[in-house]
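Peer 1: What follows is a structure written as structure tokens; I'll ask about it next.
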Amino acid sequence: EHVKIGLQKTLTDLRLSYLDLYLIHWPQAFYFVDIDPTTRGYENEDIDDSGDGAKIDPTVSVHETWAAMEELVDEGLVREIGVSNFPVSLLHELMTNCRIPPAVNQVEAHPYLQQTKLLSYCQKRGVHFQAYSPLGSPGYKEDNEPTLLEDPVLVKIAATHNATVAQICIAWALQRGTSVVAKSATPQRQEENLSVVVSSSSTPPELKIRLSEAELKEIEGLERGYRFFRPEDWWGEMAMAVFN
């Protein structure tokens with residue numbers, strides 16, 4: 001019963017009457033926090049704090065939440081619904097009992113975390129795979145974590161194409177049939193990232209940069225299963241229900 005309240009709050013914040021796409025952010029429910037869906041913004045951003053997992057509500061199933069999401073489509077408040085951070089097992093479980101299948105699964109994906117099996121499953125089930133952190137989250141990662149944009153293999157490939165490493169990462173993601181959510185606060189980099197796509201009117205999109213089979217194979221070798229976003233850092237043992 002709280003899903004619609006959350007959506008109404010989002011619509012108020014964005015000053016919209018409907019959303020094109022609405023996602024379950026994580027496959028775990030949190031205890032309800034009373035909010036005013038008619039007021040923009042939040043007085044206290046701490047309501048988003050998971051409390052090291054203490055605020056996770058283990059009594060709510062993903063099926064309950066999804067049924068409420070489907071009702072939002074029925075009411076015309078959202079056009080498409082999807083999920084985020086769902087591994088194969090949870091996505092499969094959701095799709096065993098849903099009236100409206102998820103349109104999108106938005107997950108962390110980049111050359112260090114390629115999610116090949118999840119991508120294959122999404123493609124077979126008709127769920128679009130959307131990658132967040134396609135550049136390795138350079139503005140978010142800790143100093144002792146690997147820097148994707150400085151990887152020697154990617155730097156070499158970028159030099160071959162007279163491109164930036166970010167452009168190579170985006171081209172790789174698009175060439176394998178995924179879309180990306182790339183973030184940059186610099187206008188020049190935003191333009192560089194957008195320039196990878198010549199035309200988005202076709203499927204797949206027409207790309208300025210096309211990687212060779214040999215280059216794709218080299219990038220495939222960079223897989224290390226490395227996550228920059230780790231729920232276990234925030235939720236303790238309650239995070240194990242997501243990725244393990």
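Every read-out reported here was derived from the displayed coordinates using simple, explicitly stated rules and does not represent laboratory data. These numbers were taken from a predicted model, which means no experiment stands behind them. FYI the Cβ positions are ideal-geometry reconstructions off the backbone, even for glycines, and counts take in every protein chain you see.
Peer 1: Tell me the net charge near C98. Cut-off is 14 Å between Cβ atoms, C98 excluded, with +1 for each Lys or Arg and -1 for each Asp or Glu. If you can, show how the numbers build up before the last one.
Peer 2: Details: positive: R99, R125; negative: E64, E70, E71, D74, E80, E93.
Net local charge, C98 excluded: -4.
Peer 1: Of the DSSP beta bridges with both residues in region 67-202, give the percent that are antiparallel, rounding to the nearest 5.
Peer 2: Values: 1 of 11 bridges.
Around 10 percent antiparallel, to the nearest 5.
Peer 1: Please state the equivalent ellipsoid semi-axes for region 100-222: what are the square roots of 5 times the Cα gyration tensor eigenvalues, largest first, in whole Å? Walk me through the numbers on the way to the answer.
Peer 2: Numbers: eigenvalues 94, 59, 48 Å².
Equivalent ellipsoid of region 100-222: 22, 17, 15 Å, largest first.
Peer 1: At each listed q (0.09, 0.14 Å⁻¹), what is the log10 of I(q)/I(0) that the Debye formula gives for the chain modelled as equal alpha-carbon point scatterers?
Peer 2: Here log10 of I(q) over I(0) equals -0.44, -1.07.
Peer 1: Hey, if you put +1 on the Cβ of every Lys and Arg and -1 on every Asp and Glu Cβ in the chain, which of A109, L23, Y140 ends up farthest toward the positive end of that dipole?
Peer 2: Checking the options against the dipole of the chain, the answer is A109.
Peer 1: I've got another one for you. Over the Cα atoms, compute the radius of gyration (one decimal) and Dmax (the largest Cα-Cα distance, rounded to a whole number) for region 1-137, in Å.
Peer 2: In Å, with Rg to one decimal and Dmax whole: 15.6, 44.
Peer 1: Right, something else. With +1 assigned to the C-beta of every Lys and Arg and -1 to the C-beta of every Asp and Glu, and no other charges, what is the dipole magnitude of the chain about the Cα centre in debye, to the nearest 20? Spell out each step's value before the answer.
Peer 2: Values: 21 positive and 36 negative charges, 218 e Å.
Roughly 1040 debye for the chain.
Peer 1: Right, another one. Dipole of region 62-175, Cα-centred, from +1 at each Lys and Arg C-beta and -1 at each Asp and Glu C-beta, to the nearest 20 debye? Walk me through the numbers before you get to the answer.
Peer 2: Numbers: 7 positive and 13 negative charges, 110 e Å.
Roughly 520 debye, rounded to the nearest 20.
Peer 1: Still on this structure: In deg cm²/dmol, rounded to 500, what helix-only [θ] at 222 nm does the chain give when every DSSP H run of at least 4 residues adds -39500 (n - 2.57) and the total is split over its residues?
Peer 2: Working: 10 runs with 87 residues, N = 244.
The helix-only estimate for the chain comes to -10000 deg cm²/dmol at 222 nm.
Peer 1: What are the extents of the Cα atoms of region 40-117 along their three principal axes, listed from largest to smallest and rounded to whole Å?
Peer 2: 40, 39, 27
Peer 1: A further question follows. Based on the Kirkwood radius over alpha-carbon pairs, what value in µm²/s does the Stokes-Einstein equation return for the translational diffusion coefficient of region 166-214 at 37 °C and 0.692 mPa s? Please list the in-between numbers first.
Peer 2: Values: Rh = 11.2 Å.
After rounding, the answer is 294 µm²/s.
Peer 1: So what's Rg/Rh here for region 3-68, counting alpha carbon atoms and using the Kirkwood radius for Rh?
Peer 2: On the way: Rg = 12.7 Å, Rh = 13.2 Å.
Dividing the radius of gyration by the Kirkwood radius yields 0.96.
Peer 1: Among S184, A171, V197, whose Cα sits farthest toward the positive end of the charge dipole of region 171-225 (+1 at Cβ of Lys/Arg, -1 at Cβ of Asp/Glu, about the Cα centre)?
Peer 2: Checking the options against the dipole of region 171-225, the answer is S184.
Peer 1: Rounded to the nearest 5, what % of DSSP beta bridges with both residues in the chain are antiparallel? Working shown, then result.
Peer 2: Values: 4 of 19 bridges.
Looking only at bridges with both residues in the chain, the antiparallel portion is about 20 percent.
Peer 1: Quick one: of K183/K217; K9/K208; K55/K141; K9/K55, which pairs are farther than 29 Å apart, Cα to Cα? Don't skip to the end; give the middle numbers.
Peer 2: Details: K183/K217 26 Å; K9/K208 40 Å; K55/K141 25 Å; K9/K55 20 Å.
Beyond 29 Å: K9/K208.
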